[in-house]
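Working notes, beginning with the structure itself.
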Amino acid sequence: MSIASIAERVRDGGRIDGREALQLYTGASTALLGRLADGIRARRHPSGVVTYIIDRNVNYTNVCVARCNFCAFYRPVGSAEGYVLGFDELFRKIDETRAVGGNQLLLQGGHNPDLPLEWYEDLFSAVKARYPDFRLHALSPPEILHLSRLSQEPVAEVVRRLVAAGLDSVPGGGAEILVDRVRRELNCYSKATADEWLSVMRHVHEAGLRSTATMMYGSVDTPAERVEHLCRLRDLQDETGGFTAFITWSYQPANTELAGVEATGIDYLRTLALSRIVLDNFDNLQASWVTQGGKVGQLSLAFGANDMGSVMIEENVVRAAGAEYCMDEAEIVRNIEDAGFVPKRRNMTYDIVGDPLFRRRAIPRRTALAVARPAGDTSVPDELSRYPARSRPGREQRAASGPRPA
Amino acid sequence: MHDDLAAVLDKVEAGETLDEGDWRALTGGHDLIALGMAADGARRRRHGDRATFVQVVPVPVDAPALAEPVAADAGELRLTGRPETPSAAVAAVRALAVRADGAPVTGFAYGDLEALCGHDAARLGDLLVELREAGLARLTSLAADAPNPETVVAVLGGSGLGVSGLTLGGAAGDDARRLLQRVGSWDGVGGVCRALAPLSPVEASPPATGYADLRQVALARLLVDNIDSIQVDWSRHGPKLAQVALTFGADDVDAVPAAASPDQGWRRSPREEIRRNITAAGFVPVPRNGRFEALQS
Ligand code: SF4
């Protein structure tokens, strides 16, 4: 089939298969991909609204046994640079988030063998007891799988317990590319195979929770594997309808074991546009300004995105891999309006919650994203001593910090 | 594409005069891709699928000695900063030219030299000749709002020194549009000025948005027919925006570093990096030197 006839089907609102998607991705001009994606965006969001969310991106621990070779963020068990945030530190971050109008934490972290399922349950319960309306968008599928393995409870039971403790929705991290050849090369096959990632999401959706979906491209993947990833997400969305949004970003190679070079800005815009075309059952696509910078982030709005993502407030993972961009609410709104759209605040399920907040009340401008912890802060939270550690360094650390209460 | 934008783009292509409504459709509309496609068409008619780039070694005008040998990939040694006096400018060119190892030496803003010469066209003409004889290949920049455009063309033409880039000096929006119109009707400017660099040389506060930058690049290509190249700056605007600009009417990338900088964490040489970016944008990369001569790949 010719590119023109595939494009015609997309314009008519028809679905294209993986083979046709690959033909478009590798053969269509960037302008054509952009126009097709923009057409779909305009049909799905005819009001011209572009949304964003005020929430905070917190990584509760950087200790991880998965050791993905594309990750610059993790520290091995026993590392002097490893950290676990304490409940009080997290409460402070929630207070700061609420002060700038945020109502949610995006909470993700490493696969820390010394944090049992009970730690998460206690944390979530404590947050909900203190801030009943505050939302927890937390724990990507590989983290849930890790907790299932650690606790020896089935995934469905882990999800049930986390929801009972206060989990509201699940971020789509850890998907990378949902093709096992790629996952083996990235050393992330054992943290979750493609089927396992999708299976956890199926459990999450069956439990009544909504989630996002992601794709990290540009490491060792081929164009055909990116298309396969998108098709697998589309299939699950057909089945459950549980995904609220899709976010793609390029692999950030600095400081990683895998190294290499970052995909270009054009690669990003083409991949975003293709995602909009293939994911015809997803309502929302986010711009990844945190990896692409504000300018290409804004251009995403011409290539299929209808959402500028989060103001983030804090970011640790992408920064560890060398990218440091910051956009506060005023800057996000300026970019949305400059592109000809109407900015609205949203929540995780994409309900509109209001107009830009900084126009209603004074909010200090921010020129840099916060970090999980100030450099050199190696403190160990008191409450950790209440939980059993599995690793030898973890057990030694807890023995040194005092007896566990009965 | 909105009908009014399509009609305006037809008028642009036919070389017709634009009225106020046309300008509003061009600059105020949000169909960025349509504007980019039109600019890309104009750019391809002129340059095909070639995209040129130059690798530059910046050298401060007050310290023109080179600390290291000229990098093999250097296509231009560029004196940066404002000289204190006309003779300091000539001395800096001489000092650098003997170490240039064949790479063209460029430098100076036309306006700075004009000020050093007390805005006396005859003195400026003499200085330009002296600079050329000392080894200067081109001036670096000329402001699009330079007074007396006919004199500028006459002085430059008489001296035999061309200018690499005509700049809008940070103008944006309506101001930029007025300057682009001025440039478009500036007789003879294309004979002395090889490229137009439409984006701001310094980042404004708040920074220009991606849409604003690309709109300005596209409008520059669509409205300025008398200058050959539309140029973006790799170092200043960043690889991502510079690359996308190539699909919105730009055909030349300025200021690619001549050597890798370990503190920026590059894992590939800048030449490989720029080639990869140009190719990924759908163009054929062509290295050039500071005289705009194509180099062997
Ligand atoms: S990507 Fe996540 S799971 Fe993989 S090493 Fe990094 S923190 Fe661990």
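Bear in mind these aren't lab numbers, they're just calculated from the coordinates by the rules spelled out. Note that the structure is predicted; figures quoted are calculated from it, not measured. Reconstructed Cβ throughout: ideal geometry from the backbone, glycine too, with neighbour counts over all protein chains shown.
Using a simple spin-label model with pseudo-atoms 7 Å out from Cα toward Cβ, A:R359 and B:S205 lie 2.5 nm apart.
Taking every DSSP bridge with both residues inside chain A, close to 10 percent are antiparallel. In chain A, helical runs assigned H by DSSP with n ≥ 4 each contribute -39500 (n - 2.57); averaged across all residues and rounded to the nearest 500, the mean residue ellipticity at 222 nm is -12500 deg cm²/dmol.
Note on the stretch A:285-406: along the principal axes its Cα atoms extend 60, 31, 27 Å, ordered by decreasing extent.
The alpha carbons of the stretch B:191-297 stretch over 38, 36, 25 Å along the principal axes, in descending order.
With only the Cα atoms considered, the stretch A:152-294 has a convex hull volume of 125 Å³ per residue. Arranged by the count of other C-beta atoms within 10 angstrom, fewest first, what order do A:E143, A:E196 take? Ordered from fewest to most neighbouring Cβ atoms within 10 Å, A:E143, A:E196 come out as A:E196, A:E143. Once Rg and the Kirkwood radius are both taken over the C-alpha atoms of the stretch A:49-401, their ratio Rg/Rh works out to 0.94. Separation of the stretch A:17-70 from the stretch B:130-195 is 42 Å, based on Cα centroids.
Charged side chains reduced to their Cβ positions (Lys and Arg at +1, Asp and Glu at -1) give the stretch B:50-288 a dipole of some 680 debye around its Cα centre. Taking the DSSP beta bridges with both ends in the protein assembly as shown, the antiparallel portion is around 5 percent.
Comparing mean-square fluctuations of B:V59, B:V217, B:V253 from a GNM of chain B with C-alpha springs under 10 Å, the top value falls on B:V59. Site pair A:S199 and A:R11 shows an inter-label distance of 4.5 nm when each label is modelled 7 Å from Cα along Cα→Cβ.
Placing +1 on each Lys and Arg Cβ and -1 on each Asp and Glu Cβ, with no other charges, gives the stretch A:43-151 a dipole about its Cα centre of roughly 520 debye.
Each of A:F134, B:F283 was scored by other Cβ atoms within 10 Å of its Cβ. Listed from fewest to most, they are A:F134, B:F283. If both residues of a DSSP beta bridge must be in chain B, then about 5% of such bridges are antiparallel. Using a Gaussian network for chain A with springs between C-alpha atoms less than 10 Å apart, which of these wobbles most: A:A213, A:A66, A:A368? Answer for the Gaussian network model of chain A: A:A368. In a fully extended conformation the segment linking A:F91 and A:S47 would gain 12.1 nm over its present Cα-Cα distance, using 0.36 nm per residue. Taken about its Cα centre, the stretch A:49-401 carries a charge dipole of roughly 420 debye when the Cβ of each Lys and Arg holds +1 and the Cβ of each Asp and Glu holds -1. Which residue fluctuates the most in chain A, going by a Gaussian network model with Cα springs under 10 Å, if the choices are A:T291, A:T222, A:T61? Highest fluctuation among the options: A:T222. Label separation (B:E20 vs B:D175): 2.2 nm, computed from points 7 Å beyond Cα along the C-beta direction. Between the stretch B:2-29 and the stretch A:328-386, the C-alpha centres lie 39 angstrom from each other.
Computing Rg and the Kirkwood Rh from the Cα coordinates of chain B gives a ratio, Rg/Rh, of 0.97.
Using R0 = 51 Å, the C-beta based FRET efficiency linking B:A6 and A:E383 works out to 0.20.
Only helical runs count toward this figure. For chain B, summing -39,500 (n - 2.57) over DSSP H runs of n ≥ 4 and dividing by all residues gives -13500 deg cm²/dmol at 222 nm. Counts of other chain beta carbons within 10 angstrom of each beta carbon in peptide B:243-252 average 3.
How much FRET efficiency would the formula 1/(1 + (r/R0)^6) give for A:V342 and B:E133, where r is the Cβ-Cβ distance and R0 is 45 Å, rounded to 0.05? The value I calculate is 0.15.
The Cα-based radius of gyration and maximum Cα-Cα distance (Dmax) for the protein assembly as shown are 28.0, 94 Å.
Expressed as a whole percent, the proportion of Cα-Cα pairs in the stretch A:11-112 lying more than 22 Å apart is 60%.
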